[in-house]
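Here the structure is laid out as structure tokens; the discussion comes afterwards.
The values are calculated or read from the model by the stated rules, or taken from the named source; none is laboratory data. What you are looking at is a predicted structure, and each value in this text was computed from that prediction instead of being measured. Note that we place each Cβ from the backbone using ideal geometry, even for glycine, and neighbour counts take in every protein chain shown. With ligands, DNA and RNA removed, areas are computed over all heavy atoms of the protein, side chains included. Shrake-Rupley method; radii C 1.70, N 1.55, O 1.52, S 1.80 Å.
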Amino acid sequence: MGQILTAGTRAPEFTLRVTPDQDLSLSDLRGSPIILAFYPADWSPVCGDQMTLYNEIRPEFQKHGAEILGISVDGVWCHQAFARHNRIHFPLLADFEPKGGVAKRYGAYREGDGVCERALFILDRAGVIAWAYLSPIAVNPGADGILDALENLSNRGEKQ
Amino acid sequence: MTGLRVPVGPSDHIRGGRDAPTTLVEYGDYECPHCGAAYPVVEAVLGHFGERLRFVYRHFPLSEIHPHAETAAEVAEFAGAHDEFWAMHGLIFENQDRLSTPLLFRLAWALGLSQTSLREALQRRVYAAKVRADFIGGVRSGVNGTPTFFLDGRRYEGLIDHAALVAAIDTRLAERQPHP
């Protein structure tokens, strides 16, 4: 298991497919706190629960002005079917070609398995990693850590 | 691991001994099949311990994948406002396989509750804030799916079956015994 990028590091810029005909760049969201949720795979039980949970909690993230992005190595069509099935309303990015290219830059790729780690990053409004967490692959990390980190960001005076 | 962040308080629904030495808190979703499976287990555990155990149920509806979960939670709260929370709680779980809005109204009728008042309460979302508060408290406590149990504020990671729960609660009760 590698080392994920740590707090204080500038978040590497990327552009990934988010729908079959749309790209999303990290810089498009600059100015808002961003939650990057790397996860191993669409459809696996734990991921489903984790993304479903974030879907429900999204209004709380938005109270902090934050947007959440899910990232896995699944392709856009897979993401589309997964999002429809679970009524997921936030973007799922396809780190598909080159496979895991973005995950590798965040230290969140599992070489042997060919999937993303289950890793969470919170970026502040300037695009610097404010909080990073690597979860055991089989454990849904929930959202308590995310909400605590977003609160810390807000308290740090990010509101101005 | 995060523990229970929201202590048991006046807005909670409580069964068993109010001043019991040990408290079991469940975060549940009325449409979640795992919660449905846990329901008879919890009932049997409550029967086993009687006044020695305090049980609290809090709502954690995943409404995007369980379309009736939020309404069911609000209906239980409505029943709670008329001192029928636990009766409704049981009826919902016992009828989980055919959960629907008309069924929830029939359950209210069966408990002698006004369907007109229930319709108004659901339309005005009277109990939505309470359900959401439960949900957010759960999220802040690290709840990541249902059912999640906390035993005296600590997350219960064991099996959800009678023997395992009874053993865990027995251990807590023994720890709570004043040592001579």
At pLDDT 95 or above, open to solvent by 20 Å² or more (accessible area, probe 1.4 Å) and touching a strand residue (DSSP E or B) at 6+ places or on another chain (Cβ under 8 Å), is that true of A:PRO98?
-> no
When you look at A:GLU111, is it open to solvent by 30 Å² or more (accessible area, probe 1.4 Å) and more than 28 Å from B:SER63 (Cα to Cα), yes or no?
-> yes
Considering only the stretch B:139-160, state which residues are polar (S, T, N, Q) and touching a residue at least 60 places away in the same chain (Cβ under 8 Å).
-> B:SER141, B:THR146, B:THR148
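On the phi < 0 side of the Ramachandran plot, away from chain B (no Cβ under 14 Å) and among the aromatic types (Phe, Trp, Tyr), is that true of A:PHE14?
Details: on the phi < 0 side of the Ramachandran plot: yes; away from chain B (no Cβ under 14 Å): yes; among the aromatic types (Phe, Trp, Tyr): yes.
Here the answer is yes, as A:PHE14 does meet what is asked.
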Those residues that are more than 13 Å from chain B (Cβ to nearest Cβ), under 24 Å from A:SER32 (Cα atoms) and either open to solvent by 10 Å² or more (accessible area, probe 1.4 Å) or among the hydrophobic types (A, V, I, L, M, F, W, C) (or both), I need them from the stretch A:65-90; list them, please.
-> A:GLY65, A:ALA66, A:GLU67, A:ILE68, A:LEU69, A:ILE71
Of the numbered conditions (1) open to solvent by 30 Å² or more (accessible area, probe 1.4 Å); (2) among the polar types (S, T, N, Q); (3) within 27 Å of A:ASP144 (Cβ to Cβ), A:THR19 fails exactly one; give the number of that condition.
-> (3)
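Are any residues in the stretch A:114-126 aliphatic (A, V, I, L, M) and surrounded by fewer than 20 Cβ atoms within 10 Å (Cβ to Cβ), and if so, which ones? Spell out the reasoning first.
Going through the stretch A:114-126, the residues aliphatic (A, V, I, L, M) turn out to be A:115, A:119-120, A:122-123, A:126.
Within the stretch A:114-126, A:ALA126 is the sole residue that qualifies.
Do you know which of the residues in the stretch A:127-160 that are in a loop (DSSP other than H, G, I, E, B) and open to solvent by 50 Å² or more (accessible area, probe 1.4 Å) is nearest to the other protein chains (Cβ to nearest Cβ)?
Pass one, the stretch A:127-160, residues in a loop (DSSP other than H, G, I, E, B): A:127, A:136-143, A:159-160.
Filter again for open to solvent by 50 Å² or more (accessible area, probe 1.4 Å), leaving A:136-139, A:159-160.
Numbers: A:PRO136: 12, A:ILE137: 14, A:ALA138: 12, A:VAL139: 8, A:LYS159: 21, A:GLN160: 26 Å.
My answer is A:VAL139.
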List the pairs whose first member sits in the stretch B:111-138 and is within 24 Å of B:PHE150 (Cβ to Cβ) and part of a helix (DSSP H, G or I), whose second member is open to solvent by 70 Å² or more (accessible area, probe 1.4 Å) and of a type in the set (Gly, Ala, Ser), and whose Cβ atoms are under 7 Å apart, counting only residues at least 6 apart or on separate chains?
-> B:LYS130/B:SER11
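Taking the criterion of being surrounded by fewer than 18 Cβ atoms within 10 Å (Cβ to Cβ), over 16 Å from B:GLU31 (Cβ atoms), within 14 Å of another protein chain (Cβ to nearest Cβ) and not acidic (Asp, Glu), would at least one residue in the stretch B:74-81 satisfy it? Let's see the steps before the verdict.
Narrowing the stretch B:74-81 to residues surrounded by fewer than 18 Cβ atoms within 10 Å (Cβ to Cβ): B:81.
With over 16 Å from B:GLU31 (Cβ atoms) added as a condition, the list becomes B:81.
In the following step, the residues that additionally are within 14 Å of another protein chain (Cβ to nearest Cβ) were identified as none.
No, the stretch B:74-81 contains no residue that is surrounded by fewer than 18 Cβ atoms within 10 Å (Cβ to Cβ), over 16 Å from B:GLU31 (Cβ atoms), within 14 Å of another protein chain (Cβ to nearest Cβ) and not acidic (Asp, Glu).
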Across the stretch B:123-161, what is the number of residues that are among the small types (Gly, Ala, Ser) and surrounded by fewer than 17 Cβ atoms within 10 Å (Cβ to Cβ)?
-> 5
Quick check, is A:GLU117 within 21 Å of A:TRP43 (Cβ to Cβ), of a type in the set (Asp, Glu) and more than 12 Å from chain B (Cβ to nearest Cβ)?
-> yes
